[in-house]
Amino acid sequence: MTTTSDELANVRYIVGDVAAAVDFYTTHLGFTMQTDAMPAFADVIRGPLRLLLSGPASSGARATPHNFTNAGRNRIHLIVADLDAEISRLREAGLSFRSDVIAGPGGRQILLTDPADNLIELFEPRHAEVPRPPKGSGPSQRSSQDHTEPAIG
């Protein structure tokens, strides 16, 4: 499997209400609408991330086994410059969070959920700018000491 540097990363979230999910991501998290096939499907984009929002009538949701009905612990990871400002802005918009702010060696994070209870992590790196590996460098060329979170958006 190969990728190109201009390829989007695609993540599928199964949602109960595609319109509510689109409104959530475009209103609160800076995504823009790409494809509108509501009520079955829509996709939204933020930077190199394409989020596929699959409603109950979509082929993506129908392909999911019945015992996989709950959201998991996987989540999209969005880099923010000022976590406290984002928390205030989102709370003022009526959103609530699923965790407290957690601090670690790489920065601080908090979890919230979309209308279908899929997790979203907002992450503020410890340093103002998140370095990216040089073009052409893969995991084998990066130091094992490098614990930097990759930037998304």
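The values are calculated or read from the model by the stated rules, or taken from the named source; none is laboratory data. Remember, it's a predicted structure, so these values are computed and weren't measured experimentally. Every residue, glycine as well, gets a Cβ built from its backbone with ideal geometry; the counts of neighbours run over all protein chains shown.
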Pairs, first assigned to a loop (DSSP other than H, G, I, E, B) in region 99-122, second among the β-branched types (Val, Ile, Thr) and crowded, with 16+ Cβ neighbours inside 10 Å, C-beta under 6 Å, six or more apart
Ser99/Ile110; Val101/Ile110; Ala116/Val15
Yes or no: Ala42 among the small types (Gly, Ala, Ser), at pLDDT 95 or above, buried (at least 17 other Cβ atoms within 10 Å of the Cβ) and not in a loop (DSSP other than H, G, I, E, B)?
yes
The residue that is nearest to Tyr13 (Cα to Cα), considering only those in region 31-46 that are among the charged types (D, E, K, R) and in contact with a Ser or Thr (Cβ under 8 Å, 6 or more places away or on another chain), is Asp43
Consider only pairs whose beta carbons are under 7 Å apart and that are at least six residues apart or on different chains; among these, list those whose first residue lies in region 78-92 and is on the phi < 0 side of the Ramachandran plot and surrounded by 12 or more Cβ atoms within 10 Å (Cβ to Cβ) and whose second residue is in a helix (DSSP H, G or I) and modelled with pLDDT of 95 or more.
Val80/Glu86; Leu90/His28
For region 12-39, how many residues are part of a strand (DSSP E or B) and within 11 Å of the chain's Cα centre (by Cα)?
2
Quick test for you: out of Ala71, Ala151, Ala128, pick the one residue that is at pLDDT below 90, exposed (fewer than 10 other Cβ atoms within 10 Å of the Cβ), of a type in the set (A, V, I, L, M) and assigned to a loop (DSSP other than H, G, I, E, B).
Ala128
Kindly indicate which of Asp23, Asp6 is at pLDDT 95 or above and either out of contact with any helix residue (DSSP H, G or I) (no Cβ under 8 Å at 6 or more places or on another chain) or over 12 Å from Ala116 (Cα atoms) (or both).
Asp23
